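Take a look at the structure below.
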Amino acid sequence: MKFSVLAAAAVVAAALASPALAADPTGLWQTPTNGGQVRITRCGQALCGALVTSNHLRAEPNARDEHNKDASQRNRTLRGLTMLSGFTGGPTEWRGGSVYNPADGGIYRGTITMTSDNSLRLRGCIVAPLCKTQTWTRIQ
């Protein structure tokens, strides 16, 4: 009995002393603007993210990418549109990716940083220091 209590205490102590596993950024995330929800997945070795829904899509389910700077892309539907692509790194920060903003048709260099299991910080920049940062909350 004494040995099993000591063994259990050692296991607990080791678990508390070891670093926590890095949060997994894949899943469904709520954006802080326009009721947006983005699903982040792995695309090969990188992370990517597609628009699932937003206030605009709830009102107009077949909304198109009308602000895209490339006129040939303006007929794409917003639902399922890739907004995040090419983010590599980890385990808590991914860099070198692109953020597409359908509201202005702009593409920005981005960084994704996990701040907890259920929170991430997305930073998009035209060119530093012209950057905007959002905190997204995990839905699932």
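The values are calculated or read from the model by the stated rules, or taken from the named source; none is laboratory data. Computed from a prediction, not measured in an experiment: that's the story for all the values here. Note that each Cβ is placed from the backbone with ideal geometry, even for glycine, and that neighbours are counted across all protein chains shown. To get the accessible areas, we keep the full protein, side chains included, count just its heavy atoms, and leave off ligands, DNA and RNA. Shrake-Rupley method; radii C 1.70, N 1.55, O 1.52, S 1.80 Å.
Here is a check on your reading of the model: is residue 83 closer than 22 Å to residue 132 by Cα and touching an Asp or Glu at 6+ places or on another chain (Cβ under 8 Å)? Criteria not met by residue 83.
The set of residues in region 91-108 being open to solvent by less than 40 Å² (accessible area, probe 1.4 Å) and small (Gly, Ala, Ser) consists of 97, 105, 106.
Within region 123-139, being over 13 Å from residue 33 (Cα atoms) and within 15 Å of the chain's Cα centre (by Cα) holds for 123, 124, 138, 139. For the structure I just gave you, tell me whether residue 116 is within 20 Å of residue 24 (Cα to Cα) and under 12 Å from the mean Cα position of the chain (by Cα). Taking the combined requirement at face value, the residue does not satisfy it. A single entry from 111, 133, 88 fulfils the requirement of being farther than 17 Å from residue 27 by Cβ, among the β-branched types (Val, Ile, Thr) and buried (at least 16 other Cβ atoms within 10 Å of the Cβ): 111.
Within region 49-97, the residues that satisfy the criterion of being more than 24 Å from residue 23 (Cβ to Cβ) and in a strand (DSSP E or B) are 64, 77. In region 55-85, the qualifying residues are those that are more than 19 Å from residue 29 (Cα to Cα) and of a type in the set (A, V, I, L, M), and the one that is least open to solvent (accessible area, probe 1.4 Å) is 63.
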